[in-house]
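The values are calculated or read from the model by the stated rules, or taken from the named source; none is laboratory data. Just so we're clear, the structure is a prediction, and the values are computed from it rather than from any experiment. Note: ideal-geometry Cβ built from the backbone for every residue, glycine included; neighbour counts use all protein chains shown.
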Amino acid sequence: MIFYFSGCGNSKHMAETIAAGLNDTLTFIPEAAREGHYDYTLAEGERLGFVFPIYSWAPPRLVLDFVKKLQLKAKPDYLYFACTCGDNCGLTEKVFRKAVEEKGWSLSACFSVQMPETYIGMAGFKLDSEKNAQLKIDRADDLLMRNIPRLIDKECFSEMVKGSLPWLKTYLVNPGFNKYATDDSKYYVDLKKCTSCGRCMDVCPVQNIKMPQGEPVWLGHCIMCMACYHQCRSNAIQYGKATVGKGQYYFGKTLR
Ligand SMILES: Cc1cc2nc3c(=O)[nH]c(=O)nc-3n(C[C@H](O)[C@H](O)[C@H](O)COP(=O)(O)O)c2cc1C
């Protein structure tokens, strides 16, 4: 059983690849949470996996909230997570390990995979070049091919890219990010470009966009996955001045 979250497709690609390798099932965390579906039964010996992107050097809050509410009939005998990041993950392993240990479970394996960058909501953050993005995807696929057999064998391992100053990033920067940098009032739409197609509303994993008058309105519970920005076909959405001229990225789609 694999629970996953993905805003821009990188982690979805990883979750689908792992699920194919393990012949396992996938559940999209925001959908399960929306339906209030937190009770699951694992078959004997079944692996429990989580796949998600790194948001400010930690798992997204939505993922941690889901783990907190998740109810299993029995303790999983092999629990792992796999995460995607643009660069590095800080002390994500420590945060996730604590979350599962609070449930009485234990973490058996974890690894991080570098994938194309998706966060461009602040000055100084930019997307990878098309060449670099493809290089990251190719390397990620190689790493997955090495690690999937380890998951099949239920190997215990940890292969995380922590980066520099991991404690500072995870325990000081992350809480600040969650508090101040997920403010969706900075999103706006260029009405000359917007075609009212509704794609931004459809791709928002947490249903934070409505279109009462044919243009998107953000409702205040954004998780900053940036799916609305990256997936707008006419590039009509911006986040303050931070995103202007930075292009778009979605897994498998050409960069613009
Ligand atoms: C809000 C946000 C915060 C991010 N923070 C980090 C980070 O701390 N470290 C990092 O290496 N990448 C970071 N990234 C990049 C993503 O982790 C990376 O691009 C990931 O593969 C996106 O996965 P997705 O396409 O499944 O959403 C961040 C992306 C977003 C949207």
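Checking the conditions here, which among G7, G21 is farther than 27 Å from I152 by Cβ and assigned by TED's automatic domain parsing to the domain that holds L172? Even if it seems obvious, please write down each step before you answer.
Working: G21 fails: farther than 27 Å from I152 by Cβ.
After ruling out the rest, the residue left standing is G7.
Return the residue satisfying two criteria in turn: it lies in the range 16-32 and is within 16 Å of the chain's Cα centre (by Cα) and outside any helix (DSSP H, G or I), and of such residues it is farthest from the ligand (Cβ to nearest atom).
The first filter runs over the range 16-32 and keeps only residues within 16 Å of the chain's Cα centre (by Cα), leaving 16-18, 26-32.
Those still in the list that are outside any helix (DSSP H, G or I) too: 26-28.
Working: L26: 13, T27: 15, F28: 11 Å.
Only one residue tops the list, namely T27.
Assess whether K154 counts as being within 18 Å of the chain's Cα centre (by Cα) and over 19 Å from R233 (Cα atoms). Full working, then the answer.
On the way: within 18 Å of the chain's Cα centre (by Cα): no; over 19 Å from R233 (Cα atoms): yes.
Against the criterion (within 18 Å of the chain's Cα centre (by Cα) and over 19 Å from R233 (Cα atoms)), K154 does not qualify.
Can you confirm whether the range 96-111 contains a residue that is within 12 Å of the ligand (Cβ to nearest atom) and either more than 18 Å from the chain's Cα centre (by Cα) or at pLDDT 95 or above (or both)? Even if it seems obvious, please write down each step before you answer.
So in the range 96-111, the residues within 12 Å of the ligand (Cβ to nearest atom) come out as none.
No: the range 96-111 contains no residue that is within 12 Å of the ligand (Cβ to nearest atom) and either more than 18 Å from the chain's Cα centre (by Cα) or at pLDDT 95 or above (or both).
Determine, yes or no, whether L151 is away from the ligand (no atom under 12 Å from the Cβ) and touching a strand residue (DSSP E or B) at 6+ places or on another chain (Cβ under 9 Å). I'd like the intermediate steps shown before the answer.
Values: away from the ligand (no atom under 12 Å from the Cβ): yes; touching a strand residue (DSSP E or B) at 6+ places or on another chain (Cβ under 9 Å): yes.
Here the answer is yes, as L151 does meet what is asked.
With the requirement that a residue be among the hydrophobic types (A, V, I, L, M, F, W, C), outside any loop (DSSP other than H, G, I, E, B) and in contact (Cβ under 8 Å) with a residue 12 or more places away in the chain, what does the range 209-256 give you? Even if it seems obvious, please write down each step before you answer.
Within the range 209-256, the subset among the hydrophobic types (A, V, I, L, M, F, W, C) is 209, 211, 217-219, 222-228, 232, 236-237, 242, 244, 251, 255.
Next, from what is left, pick out any that are outside any loop (DSSP other than H, G, I, E, B): 209, 217-218, 227-228, 237.
If the condition is that a residue be among the hydrophobic types (A, V, I, L, M, F, W, C), outside any loop (DSSP other than H, G, I, E, B) and in contact (Cβ under 8 Å) with a residue 12 or more places away in the chain, then I209, W218, A227, C228, I237 are the ones that fit.
Only one residue in Y55, Y78 is aromatic (F, W, Y) and closer than 23 Å to G163 by Cα, so which one is that? Talk me through it step by step, then tell me what you get.
Numbers: Y78 fails: closer than 23 Å to G163 by Cα.
Exactly one residue qualifies, and that residue is Y55.
Checking G245 against (1) away from the ligand (no atom under 14 Å from the Cβ); (2) surrounded by 13 or more Cβ atoms within 10 Å (Cβ to Cβ), which test does it fail?
(2)
Taking the range 92-143, which residues are loosely packed, with under 13 Cβ neighbours inside 10 Å and hydrophobic (A, V, I, L, M, F, W, C)?
Hits for the range 92-143 are M122, A123.
Select, from G90, G163, the only residue that is touching a Ser or Thr at 6+ places or on another chain (Cβ under 6 Å) and at positive phi.
Values: G163 fails: touching a Ser or Thr at 6+ places or on another chain (Cβ under 6 Å).
So the residue among G90, G163 that is touching a Ser or Thr at 6+ places or on another chain (Cβ under 6 Å) and at positive phi is G90.
Between a first residue in the range 112-127 that is at negative phi and a second residue that is among the charged types (D, E, K, R) and near the ligand (Cβ under 7 Å from one of its atoms), which pairs have beta carbons less than 6 Å apart while being 6 or more apart in sequence or on different chains?
L127/E117
Could you check, for the range 163-179, whether at least one of its residues is within 13 Å of the ligand (Cβ to nearest atom), assigned to a helix (DSSP H, G or I), among the small types (G, A, S) and within 23 Å of V244 (Cβ to Cβ)?
For the range 163-179, residues within 13 Å of the ligand (Cβ to nearest atom), assigned to a helix (DSSP H, G or I), among the small types (G, A, S) and within 23 Å of V244 (Cβ to Cβ): absent.
Quick check on S11: is it touching a Pro at 6+ places or on another chain (Cβ under 7 Å) and more than 20 Å from P76 (Cα to Cα)?
Values: touching a Pro at 6+ places or on another chain (Cβ under 7 Å): yes; more than 20 Å from P76 (Cα to Cα): yes.
For S11, the condition - touching a Pro at 6+ places or on another chain (Cβ under 7 Å) and more than 20 Å from P76 (Cα to Cα) - is met.
Taking the range 1-15 as the search range and keeping residues that are within 11 Å of the ligand (Cβ to nearest atom) and not in a loop (DSSP other than H, G, I, E, B), which one is nearest to V206 (Cα to Cα)? Spell out how you get there, then give the answer.
We begin by selecting, within the range 1-15, every residue within 11 Å of the ligand (Cβ to nearest atom); these are 4-15.
Going one step further and asking which of them are not in a loop (DSSP other than H, G, I, E, B), we end up with 4, 10-15.
Details: Y4: 14, N10: 18, S11: 16, K12: 16, H13: 19, M14: 21, A15: 19 Å.
So the residue we want is Y4.
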